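The next block holds one structure in the form of structure tokens; read it before the comments.
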Amino acid sequence: MKVFVDTSAFLAVLDADDNNHSQAKAVWAGLLNSRTPLLTTGYVLVETYALIQHRLGMEAVRVFHEDIEPLLKIEWVDASLHSLGANAVLAANRRKLSLVDTVSFAVMRKLGIKKAFAFDQHYIEQGFECLGFPTRSSTVSRQE
């Protein structure tokens, strides 16, 4: 079983002030202990780096880069996946549904991944199982 990891989970793991930090740490430890294959996209990485740098600082970026990113299989987004995601954003016509989210959903469907480590309601809306969710709203939740 592969698990897709979203920015909301990375931030919850790294940020002790995040509402979902305790639960995220427990889920993360469980995933690592079970050696579950973890996957994300290059788009999620870009979003994660930017938010960690802005909210937590460069030391947290270094921790993410050196300790977390090497544990991940990265799915690099090609033109067709980007187009699927962009079309989904436009079709949904929802201000808080991001291109990063819709590309993530497209990747999960393409690879047959049904579980996400995320604190973002959009994954549930799209029919995916979210590990560790729902609890209280995450500080990075992109809910509408």
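Near Gly112: Cβ cut-off under 15 Å, other residues only, Lys/Arg at +1 and Asp/Glu at -1. The net charge is +4.
Once the C-beta distance of Ala86 and Lys25 is scaled by a Förster radius of 41 Å, the resulting FRET efficiency is 0.75 to the nearest 0.05.
Which whole-number percent is the relative contact order of the stretch 3-130 (Cα, under 8 Å, 6+ apart)?
Numbers: 144 pairs, mean separation 39.6, N = 128.
31 percent.
For the stretch 75-93, the residues whose backbone nitrogen is under 18 Å from a point 7 Å from the Cα of Lys110, taken along Cα to Cβ, are 75-90. Using only the Cα atoms of the stretch 3-130, each taken as one equal point scatterer with no solvent, compute I(q) by the Debye sum, divide by I(0), and report log10 of the ratio at q = 0.10 Å⁻¹. Taken in order of the listed q values, log10 I(q)/I(0) reads -0.30. Of the residues Ala60, Thr48, Met1, the one whose Cα sits farthest towards the positive end of the charge dipole of the chain is Met1 (charges of +1 on Lys and Arg Cβ, -1 on Asp and Glu Cβ, taken about the Cα centre).
Among the chymotrypsin sites (Phe, Trp or Tyr not before Pro) within the stretch 21-97, those in coil by DSSP and having at most 14 neighbouring Cβ atoms inside 10 Å are Trp76.
Coordinate-derived values only; no laboratory data. What you are looking at is a predicted structure, and each value in this text was computed from that prediction instead of being measured. All Cβ positions, glycine included, derive from the backbone under ideal geometry; neighbour counts span all protein chains shown.
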